[in-house]
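Some notes on the structure that comes next.
The values are calculated or read from the model by the stated rules, or taken from the named source; none is laboratory data. Quick caveat, the model's predicted, so the values are computed rather than measured. All Cβ positions, glycine included, derive from the backbone under ideal geometry; neighbour counts span all protein chains shown.
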Amino acid sequence: MRALAWALRAFVFFALFAFALNNQQTVTVHWFFGAQWAAPMVIVVMAAFAAGCAIGVVAMVPAWWRQRRQVRPTSPAHTPPPSPAPAEGPALAQPPRDGL
């Protein structure tokens, strides 16, 4: 199973490496108000991927904080006092023993 995982990782690495080698042409990204950015295509694609990852992480932060607050144990000063043990019900009658 480990060999299969490493083979998959190697395939992904070489596929991305070949993609980078095949896309070295300079592209121009046109922004608003006439601003332009010229860079190799692979840099533009990597920048777009990194920006997407960053936006995704930033979008998940509020949900992560909310879950951490729910899971985090409360501080000892704010814990409610322990509830008393439940009272035991009436004792069950013992069945009669044979021979007594």
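Per-residue answers, yes or no, for (1) modelled with pLDDT under 90; (2) under 26 Å from the mean Cα position of the chain (by Cα); (3) surrounded by 10 or more Cβ atoms within 10 Å (Cβ to Cβ):
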| residue | (1), (2), (3) |
| --- | --- |
| N22 | yes, no, yes |
| F33 | no, no, no |
| F49 | no, yes, yes |
| A59 | no, yes, no |
| R72 | yes, yes, no |
| P76 | yes, no, no |
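Taking the conditions exactly as written (within 24 Å of the chain's Cα centre (by Cα) and modelled with pLDDT of 90 or more), does A7 satisfy them or not? Spelling it out, it is not the case that A7 is within 24 Å of the chain's Cα centre (by Cα) and modelled with pLDDT of 90 or more.
Only one of the numbered conditions (1) at pLDDT 85 or above; (2) among the aliphatic types (A, V, I, L, M); (3) in a helix (DSSP H, G or I) is not met by V29, and that is (3).
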